Amino acid sequence: MGRVISFFLLITIIFSCGTVFAETETEVFVNGAKLECDVAPIIENDRTLVPMRAIFEALGAHIHWDDETKTVTAVSDKTIVVIQIGNELAFVNNNSYTLDVPAQIKNDRTLVPARFTCEALNASVEWDEANRQVNITTSN
């Protein structure tokens, strides 16, 4: 009887830990400051997607949203980034790149791949698995 109770306690603990981990939000930091977003970043297919406006503005880019084509254009210095919702192709200064996960709309917000977006604007990106954090560093 004691072994059965111990077994069920062990299973309960294992499932409880998994639930806590699954509910942990991913955080994004730009130059050490937490990126404030009205919609939380998500992870899809091992890729972090972040709210478009928050990340582009944090990186100093000006953005334009074309609702008809569901396309965002970000301009920063001499770099132009174009990403369309659901399209695996994105463009940086007219050069095409294939995204691992295309941009998407969640909770009425456009989410874009963090690594691609940051690297396109000359920022470096590191993933901190232990803390579930994306750490972005700009050259400024």
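The values are calculated or read from the model by the stated rules, or taken from the named source; none is laboratory data. What you see is a predicted model, and the numbers here were worked out from it, not measured in a lab. Quick reminder, even Gly has a Cβ in these numbers, built from the backbone with ideal geometry, and neighbours come from all protein chains shown. The area values use the complete protein model at the heavy-atom level, side chains included, leaving out ligands, DNA and RNA. Shrake-Rupley method; radii C 1.70, N 1.55, O 1.52, S 1.80 Å.
Quick notes
- Entry remark, the stretch 69-95: residues being more than 15 Å from Leu49 (Cα to Cα) and either surrounded by fewer than 12 Cβ atoms within 10 Å (Cβ to Cβ) or of a type in the set (D, E, K, R) (or both) number 7 in total.
- As a summary of the residue check, Asn122 satisfies the conditions (1) assigned to a loop (DSSP other than H, G, I, E, B); (2) modelled with pLDDT of 95 or more except for the one numbered (2).
- Looking only at residues in the stretch 107-130 that are under 15 Å from the mean Cα position of the chain (by Cα) and more than 20 Å from Ala58 (Cα to Cα), the one that is least open to solvent (accessible area, probe 1.4 Å) is Glu129.
- Pairs with Cβ under 6 Å, 6+ apart, first in the stretch 61-87 and without any contact (Cβ under 8 Å) to a residue 12 or more places away in the chain, second assigned to a strand (DSSP E or B) and among the polar types (S, T, N, Q): His64/Thr73; Val82/Thr73
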